[in-house]
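Where a number appears in this text, it was derived from the coordinates with a stated rule and is not lab data. Please read these numbers as outputs of a predicted model, since none were measured by experiment. So basically every Cβ, Gly included, is an ideal-geometry build from the backbone, and we count neighbours across all protein chains shown.
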Amino acid sequence: MPAANGVLVVAETERGGLAPISAELLGVGRTLAEVLGGTLTAAVLGSGVAEAASALGELGADVVLLADSPALGEPGVEAALEALTPLVTQEAPDILLLGHTPDMRELAARLAFRLGTGLTTDCTALRVEDGVLVMTKPVYGGSANAEFTVPRARPQMATLRPRAFRPAVSDPSHHAEVRHVPVEVGAAVRSRVVETVREEATTGPSLKNAKAVVSGGRGLGGPENWHYVEELAASLGAAVGATRAVTDAGWVPPGLQVGLTGVTITPDLYVAVGVSGAVQHIAGCSGSRNIVAINKDPDANIFKHARFGVVGDYKQIVPPLAARIKELKR
Amino acid sequence: MNIIVTIKQVPDPDIPPIHFKVDEAAGKVVPPPGVAPVMNGYDANALEAALKLKEAHGGRVTAITLGGQEARDTLKRAVAMGADAAVLIDDPNLREGDSFTTATALARAIEKVGEYDLILCGRQASDTDAGQVPLGLGEILGLPTISPVIAIESTNGGVKAHRMIEDGQQVIEAQLPAVMAVSSEIGEPRYPPLRGIMMAGRTQIPVWTAADLGLDDGSAAPKVQLRRLYIESREQACELVDGDTPEEIAAALAQKLREAKLI
Ligand SMILES: Cc1cc2nc3c(=O)[nH]c(=O)nc-3n(C[C@H](O)[C@H](O)[C@H](O)COP(=O)(O)OP(=O)(O)OC[C@H]3O[C@@H](n4cnc5c(N)ncnc54)[C@H](O)[C@@H]3O)c2cc1C
Ligand SMILES: Nc1ncnc2c1ncn2[C@@H]1O[C@H](COP(=O)(O)O)[C@@H](O)[C@H]1O
């Protein structure tokens with residue numbers, strides 16, 4: 001077994017600040033570093049990201065590797081991959097963690113192949129056992145869990161499912177040793193982002209962090225009925241989500257898809273309307289504290305995950321439910 | 001434009017959860033009797049995208065699978081849908097591998113097929129749910145890789161892909177050849193026409209082994225090891241709310257939510 005060289009996490013920034021996944025990475029990273037007895041290092045890559053360094057220190061990083069360069073300011077992962085590869089080779093961590101977010105999961109997989117090591121993506125639990133990292137990951141759409149190890153190659157790599165790990169708590173008195181990392185990015189960029197199209201922000205709270213979410217499924221029958229979902233969401237002050245059946249059909253934008261290949265959410269209240277509860281959908285909402293299902297099929301799988309259920313036609317139930325909730329909230 | 005599509009045969013992802021069983025000792029899924037494996041959904045989307053590009057710009061579409069002999073059925077389906085050729089990689093030493101093994105074998109097979117402008121994969125296989133193989137192919141072959149892709153346009157000399165990000169999409173220009181991992185938003189796969197099904201019956205599918213790919217030296221040995229496969233039940237008892245009228249049901253449910261301090 002190679003000597004433990006600690007845990008390295010690759011933090012992520014958004015709009016200048018740290019993305020929430022960074023605290024989740026440091027939370028589990030700290031636990032693993034303690035078991036292994038090594039340091040916890042956070043790398044942050046980007047342009048104008050120096051301020052993130054102190055925030056990472058407050059979140060418990062012992063060392064922060066700051067790769068701050070205009071060359072890393074462009075969207076796309078190619079430059080980040082060029083910058084990260086020598087950094088990881090030099091640090092030689094025992095464990096390397098990234099978020100399972102659109103950019104980081106690409107970066108992680110390419111890095112794993114480049115370094116010739118093993119990666120488990122979309123992990124929901126991590127622990128050290130017999131000196132090796134055991135990575136738990138849902139497979140078969142979430143029907144089963146698999147535990148993987150990387151017996152020989154190093155680093156042992158994992159990407160973390162967002163909102164599946166408890167974030168580290170910020171402690172303003174904790175400081176990290178910050179090291180600046182030189183960034184050399186070659187000109188050999190073979191793909192280039194020429195345009196970024198943002199979806200119009202939907203009204204109401206954002207899906208990812210909402211306390212309450214109302215999702216609609218194919219059972220709605222068509223886009224003309226989507227207003228039922230929106231009305232119920234408005235009554236609850238909830239964000240709106242959808243199943244893949246609905247986003248693939250183009251009733252609502254892909255960004256609203258909840259599930260394995262969509263967003264993972266953990267609201268206090270999740271109301272599923274006309275949703276069958278396929279495993280791949282449940283994978284994205286099973287962390288909800290309370291699931292409420294409205295479905296006309298009493299055998300629908302969603303009821304196996306719901307705390308409260310109504311068997312019936314949503315068209316009959318949703319309007320009076322929205323009205324009653326509004327009354328109660330008044 | 002010559003396109004290679006990597007296609008995996010997978011257990012039907014739509015089987016009801018009660019029929020999903022694993023053999024913990026063997027670390028394997030027990031296929032439910034009478035349910036045939038299927039073409040991985042995102043690979044069917046990738047094949048559809050390849051066929052559309054071929055229809056617009058000409059070229060050849062080749063489907064490649066790493067799997068057992070039963071995976072021939074999936075390759076036949078690919079030919080029936082419109083692929084011009086299919087290759088099966090079948091070797092016991094490669095079949096039990098991980099993403100590294102699979103990407104290495106597919107990369108060697110792609111090099112052996114030869115001329116290609118675009119490699120289309122699915123964004124993830126519905127059994128592994130890993131999403132690693134396309135990125136691995138990109139690394140091994142030294143090609144730009146884009147994932148997940150929801151639209152592809154051919155430009156003169158290159159290709160433009162629309163990549164999904166959290167709150168929208170990026171339009172990415174890439175040099176060819178390139179690897180793209182396709183998502184379902186790109187469009188529903190076609191059903192194989194009768195003519196295609198007849199054609200598929202006659203198509204020869206070559207089988208390549210690890211030795212044929214120069215991989216009989218263990219260089220594609222897995223990096224990752226499965227330690228345990230198990231089902232974790234998270235089912236809970238559901239309290240069904242009932243009443244004589246929809247208004248009554250709605251009021252009762254709202255009351256429950258209030259008592260649970262959810263509103
Ligand atoms: C690899 C892979 C990844 C996937 N990723 C995702 C993902 O991230 N997210 C996701 O959601 N899916 C995902 N899926 C798809 C998933 O398997 C299901 O196909 C999908 O979730 C079904 O959506 P649905 O519940 O809206 O539709 P259906 O399964 O068609 O269910 C519709 C439900 O509506 C009910 N209904 C009909 N009419 C009414 C009415 N009038 N009133 C009340 N109820 C009614 C029906 O009883 C039924 O239960 C994935 C699949 C695969 C293979
Ligand atoms: N055994 C295989 N044969 C052919 N293609 C595969 C195989 N495994 C994975 N792929 C391709 O790689 C994609 C992602 O797979 P994975 O990385 O396992 O999630 C799939 O959608 C396929 O296009």
**Message:** Take B:Ser233 and B:Thr245, extend 7 Å from each Cα along the Cα→Cβ direction, and tell me the distance between the two endpoints in nm.
**Reply:** 4.0 nm
**Complete:** Classified through the alpha carbon gyration tensor (a ≥ b ≥ c as square roots of its eigenvalues; rounded if a/c is under 1.5, else prolate when a/b is larger than b/c, else oblate), chain A comes out prolate
**Message:** With 10 angstrom as the radius, rank B:Tyr116, A:Tyr314, B:Tyr191, A:Tyr270 by how many other C-beta atoms surround their C-beta, starting from the fewest.
**Reply:** B:Tyr191, B:Tyr116, A:Tyr314, A:Tyr270
**Asked** Dividing the alpha-carbon Rg of the stretch A:212-329 by 2.2 N^0.38 Å yields what?
**Response** 0.93
**Complete:** Largest fluctuation, A:Ala234, A:Ala242, A:Ala53 only, Gaussian network model of chain A with Cα springs under 10 angstrom, belongs to A:Ala234
**Prompt:** What list do you get for B:Thr128, B:Thr209, A:Thr243 if you sort them by fewest beta carbons within 10 Å?
**Reply:** B:Thr209, B:Thr128, A:Thr243
**Asked** Hey, in the GNM for chain B with a 10 angstrom Cα cutoff, which one of B:Leu135, B:Leu253, B:Leu75 fluctuates hardest?
**Response** B:Leu253
**Item:** Inter-site label distance for A:Arg15 and B:Asn156 at 7 Å from Cα along Cβ, in nm
**Value:** 4.2 nm
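Suppose we keep just the DSSP beta bridges with both residues in the protein assembly as shown; what percent of those would be antiparallel, to 5?
Details: 43 of 112 bridges.
If we restrict to bridges inside the protein assembly as shown, about 40 percent are antiparallel.
So what is the 222 nm mean residue ellipticity for the protein assembly as shown from helices alone, if each DSSP H run of at least 4 adds -39500 (n - 2.57) and you divide by all residues, rounding to the nearest 500 deg cm²/dmol? Show your work: numbers first, answer last.
Numbers: 15 runs with 171 residues, N = 593.
Estimated from H runs of four or more residues: -9000 deg cm²/dmol.
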**Fill in**
What the Cα atoms of the stretch A:7-188 span along the principal axes, largest first and in whole Å, is 42, 42, 28
**Asked** Arranged by the count of other C-beta atoms within 10 angstrom, fewest first, what order do A:Phe303, B:Phe20 take?
**Response** B:Phe20, A:Phe303
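Given a Förster distance of 35 Å, report the FRET efficiency between B:Val207 and B:Glu55 from their Cβ-Cβ distance, rounded to the nearest 0.05.
Numbers: r = 29 Å, r/R0 = 0.83.
For B:Val207 and B:Glu55, the calculated efficiency is 0.75.
Assuming a ≥ b ≥ c are the square roots of the Cα gyration tensor eigenvalues, decide whether the stretch A:206-278 counts as rounded (a/c under 1.5), prolate (otherwise, with a/b larger than b/c) or oblate. Don't jump to the answer; show the numbers that get you there.
Values: a/c = 1.63, a/b = 1.16, b/c = 1.41.
Cα axes put the stretch A:206-278 in the oblate bin.
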**Asked** How big is the stretch B:2-208 in terms of Cα radius of gyration and Dmax, in angstroms?
**Response** 16.5, 54
**Request:** List every residue whose amide H lies under 5 Å from the amide H of A:Glu177, counting only residues 5 or more places away in sequence or on a different chain, with H placed 1.01 Å from N in the peptide plane.
**Result:** A:Val63, A:Val64
**Request:** Could you work out how far helix A:20-36 tilts from the main Cα principal axis of chain A, as a 0 to 90 degree angle to the nearest 10?
**Result:** 50 degrees
**Message:** If you fit an axis through the alpha-carbon atoms of helix B:246-259 and take the longest principal axis of the Cα set of chain B, what angle between them do you get, 0 to 90°, nearest 10?
**Reply:** 90 degrees
**Message:** Order B:59-72, B:223-236, B:97-110, B:144-157 from most to least packed using the mean count of other Cβ atoms within 10 Å.
**Reply:** B:97-110, B:59-72, B:144-157, B:223-236
**Fill in**
re the protein assembly as shown: pairs of Cα atoms spaced beyond 36 Å account for a percent value of 37 percent
**Asked** Any idea what angle helix A:78-91 forms with the longest principal axis of chain A, computed on alpha-carbon atoms, 0 to 90 degrees, nearest 10?
**Response** 50 degrees
**Asked** In peptide B:137-145, how many Cβ atoms from other protein chains are near each Cβ within 10 Å, on average?
**Response** 4
**Message:** Please compute the modelled spin-label separation between A:Glu224 and A:Gln90, points set 7 Å along Cα→Cβ, answer in nm with one decimal.
**Reply:** 6.3 nm
**Request:** When you have a sec, figure out the Kirkwood radius of the stretch A:63-114 from all distinct Cα pair distances and drop it here in Å to one decimal?
**Result:** 11.8 Å
**Asked** Peptide B:15-23: average number of partner chain Cβ atoms within 10 Å per residue?
**Response** 4
